[in-house]
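First the structure, in the form of structure tokens, and then the observations on it.
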Amino acid sequence: MPRINILPPSVYNRIAAGEVVDRPYSVVKELVENAIDAGASEISIYIEDGGKSLVRIIDNGCGIERDDLQSAFLPHATSKISRAEDLDYILTLGFRGEAVASIAAVSKMTITSKTENGKCYSLRSNGGELGDIEEKPGEKGTDVIVSELFFNAPVRLKFLKSDRAEEADITTFVARFILSRPSIAFNYYVNGKNVLQSFGEGDESAFACVYGAATLENCYRIDADRHGIKIRGYIGNQNFTKSNKSYQTVFLNGRYVSNQTISAALTNAYANYLMKRQYPFYVLNIDVPPEIVDVNVHPNKADVRFSDNKIIYGCIYKVVSDVLDGNASALNYVVGNQPANIGPLPSNADSVLSEKIDMSKPFERTLSYDEARKAMFEMDEKPQTVAKNIDLPFSLSTDDKRSINNSAPKIEEPYIPENMRKNQSEYKSEKLIQEAKATSSEGEQNTLRNMFPDLYFEPSIFTLNSSNPVATGVGNEENAAKSGLILDPFEENKKFLLEKEQQARQEQIDVSSFVFAGKLFNTYLLYEHGSEVYIIDQHAAHERLIFNRLKEKMQQRKIACQSMLVPYTISLNAFESAFMRENLDRIREMGFEIDEPQQNTFAVSGVPTDLITIDLPSFFHDILGEVGGYRSIKLEELLKDKLATAACKAAVKGGDDLSKAEIDELFRLIDGNLGLKCPHGRPVVAKLTKYELEKMFKRVV
Ligand code: ADP
Ligand code: MG
């Protein structure tokens, strides 16, 4: 066994660097976080060649003292915490003191910094070897230049993605920073071009900078405070859905997180409004007391741990579902435009509204975090006794009492303030409730469940298994992959179609001896062959034939382009644009004429002739649904989908009265492919045997 060596810092730092800095985006992330922690109100970010040749972050924050400049480059050197206990109250983004040392170890890095009252100094590192501190002219703040990333780690360099892909990931991070720090003015330059700019003017302006002003109109702006959990941001309305999860952004105490409890609450709140493979849009800033969340999980993992998942889940679920379901209490949460579907309000809604905002009213007080936790704990422990002791401290309308557990009998009506009792018929009488309590052995508990819906949740939602329909929308890709779910619908589809095609080939038989025996309902064509009757669905058959023809043309790149009189234009945000640019050639190959006449605006001036009826907004919506997705774009598959729709529209319909010549032509085209399926997977041909017919008439048994 060789002797044990204590590694020198240069080696150790390069190993540690692998943890913290795996790609250019992590450099940007760490340095911008440092700028934010330094209290900057303006941050400029410059990247070149996807961040590989240059990442530069300039901020106007507090700066670094001359004497600390060298320490900043040391591992585990941080000004943000000093004692173990500090780890329980982390309010800064950084605290490990690893980033600067790690980045410096694998790049050429210069930090130039000036504090309010000090002079400006600069220190350069070459792969971790520090130079001398130099005095320089400069403004208050810090300028960090990282060039030639991984110049001394060729293996890492090899594993980087293309410049564009690295750039796209950085853009995603910058957009997140803009959204999470709306009071900071960001400027983001890619190869000298200003790609994103925010003005530090608050939520709305930051949101519009990233997603465009039009998206604002499709969202509710919410600002809620429940049990000490503050939830602020934008949630897409009931009709504004996305085809992947990349439009779901959550910041917890200012830090981007991807957390299952939070996404489960949101997914479940939206459950009634989403179809399969539709995902909600949201950007939420959630603030919780720092002591109830553990952010010290892993430097590169966005996950966090809560000391109590139930309250987090409950509060988010309650607020978001109230808004979406149009419950009266949504008025407490929504800023600006109220949900259109808000339920019936008492006739004195205005005064109720103003009273509801008056937090001094006893029934308006929401529980503090600790009170809520205690109440919940006690309810779990001894529901019988607590029910009597709890003097409901906050108002609930009937709508509020929707139980998370749908199977629980609905026993409602806890406490309703006098002025909200106008419409008595809406509420069940006290007597009824007493009766229900008396007759149901679970009465007390269920009432509690209804009184405090946000303190309950179904534990099953946190266990990811394929038999749980909610769970499939809940986990992240990684977890889902672990549980063996096939996540890529296209892959699934492809496999299915391939199997079917193989089957079809096997079923090809000689049809020359088929005898046309008539048609049924102007839809089914009958052919007799030996002791079998073949029934062909004329629409399905024709649809399949057209689809095959279109697909062949597409594969051979023979799709002609039809010019449009008025081009269709779409304005996109920075990352959608980058994505479009990357795929422009492929879209053109498919018969589209498309250009970018203005930065981030695309004009479609021609469409494939066979897809003349294509719905362009929905087509591009689907394509852009792939932005930031985990899988690479499957344009061909998407287009095939559109071809199937076009084929369906062009095909003869069931009920169309076809002439014998048309029928013969259709049959000829089918060419014995009796195992054909229509592009949607329905069978084209069905078979009935003489034996089956004879059984029907009891000629045989
Ligand atoms: P951490 O952020 O975890 O403390 P880093 O390695 O990222 O560790 O930074 C080390 C230290 O360098 C920070 O604690 C801070 O004192 C200082 N520092 C780094 N970047 C900046 C900046 N932009 N402005 C002011 N101080 C900075
Ligand atoms: Mg840091």
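The values are calculated or read from the model by the stated rules, or taken from the named source; none is laboratory data. Please read these numbers as outputs of a predicted model, since none were measured by experiment. Here the Cβ is made from the backbone with ideal geometry for all residues, glycine too, and neighbour counts use every protein chain on show. Each accessible area value is taken on the protein alone, full model and side chains, heavy atoms only, with ligands, DNA and RNA left out. Shrake-Rupley method; radii C 1.70, N 1.55, O 1.52, S 1.80 Å.
Go through His539, His529 and list them by solvent-accessible area, largest first, probe radius 1.4 Å.
Descending order: His529, His539.
For segment 180-279, just say rounded, prolate or oblate: build the C-alpha gyration tensor, square-root its eigenvalues into a ≥ b ≥ c, call rounded for a/c under 1.5, and beyond that prolate if a/b exceeds b/c, oblate if not.
prolate
Quick one: accessible surface of Glu552, probe radius 1.4 Å, all protein chains present, in square angstrom to the nearest 10.
Rounded to the nearest 10, the figure is 110 Å².
When only alpha-carbon atoms count, how far does segment 86-239 stretch along each of its three principal axes, as whole angstroms with the largest first?
If we take the Cα atoms of segment 86-239, the spans are 57, 41, 34 Å.
Output the pairs from Lys242/Lys649; Lys245/Lys318; Lys140/Lys230; Lys519/Lys640; Lys108/Lys136 with a Cα-Cα distance over 28 Å in this structure; if there are none, say none.
Pairs exceeding 28 Å: Lys140/Lys230; Lys519/Lys640.
Whole-Hz Karplus ³J(HN,Hα) for segment 53-63, in order, using 6.51 cos²θ - 1.76 cosθ + 1.60 and θ = phi - 60°, x for Gly and Pro?
These are the phi-based 3J(HN,Hα) values: 8, 8, 10, 9, 10, 10, 10, 10, x, 5, x Hz.
Please list, ordered by chain and number, the residues whose modelled amide H lies under 5 Å from the amide H of Gln562; skip anything fewer than 5 residues away on the same chain.
Hits under the 5 Å cutoff: Val607, Thr609.
In Å, what Kirkwood hydrodynamic radius results for segment 251-323 from the alpha-carbon pair distances?
13.0
Could you list which residues have their amide H under 5 Å from that of Val335, counting only those 5 or more apart in sequence or on another chain, with H placed in the peptide plane?
Counting only residues 5 or more places away or on other chains, the set is Arg221, Ile222, Asp223.
Using heavy-atom solvent-accessible surface (probe 1.4 Å) with all chains present, what is the largest-first order of Lys136, Lys114, Lys698, Lys558?
Reading off the accessible areas and sorting them downward yields Lys698, Lys558, Lys136, Lys114.
Take the Cβ-Cβ distance between Lys653 and Ala517 as r, set R0 to 22 Å, and report the resulting FRET efficiency rounded to the nearest 0.05.
Computed FRET efficiency for Lys653 and Ala517 comes out at 0.50.
Grab the beta carbon distance between Lys558 and Ala165, set R0 = 25 Å, and tell me the FRET efficiency rounded to 0.05.
0.20
Got a sec to turn the phi values of segment 319-324 into Karplus ³J(HN,Hα) couplings, 6.51 cos²θ - 1.76 cosθ + 1.60 with θ = phi - 60°, whole Hz, x for Gly and Pro?
Rounded to whole hertz, the list is 4, 5, 5, 4, 5, 5.
Give the ranking of Arg156, Arg255 by solvent-accessible surface, highest area first, calculated with a 1.4 Å probe.
From most accessible down to least: Arg156, Arg255.
Taking 0.36 nm per residue of sequence separation and subtracting the Cα-Cα distance, how much length would be gained by fully extending the chain between Arg586 and Thr601, in nm to one decimal?
3.6 nm is the gain from fully extending Arg586 to Thr601.
Report the extension gain between Asp223 and Ala77 in nm, rounded to one decimal, defined as 0.36 nm multiplied by the number of residues separating them, less their alpha carbon distance.
Going from the current span to full extension adds 48.8 nm.
Note the full-extension length gain between Asn126 and Arg699 as 0.36 nm times their separation in residues minus their Cα-Cα distance, in nm to one decimal.
Stretched fully, the Asn126-Arg699 segment lengthens by 196.9 nm.
Could you pull out every residue, at least 5 positions away or on a different chain, whose amide H is within less than 5 Å of the one on Asn327? Hs are placed 1.01 Å off N in the peptide plane, and Pro or chain starts have none.
Close amide H contacts, sequence-distant or interchain: Gly343.
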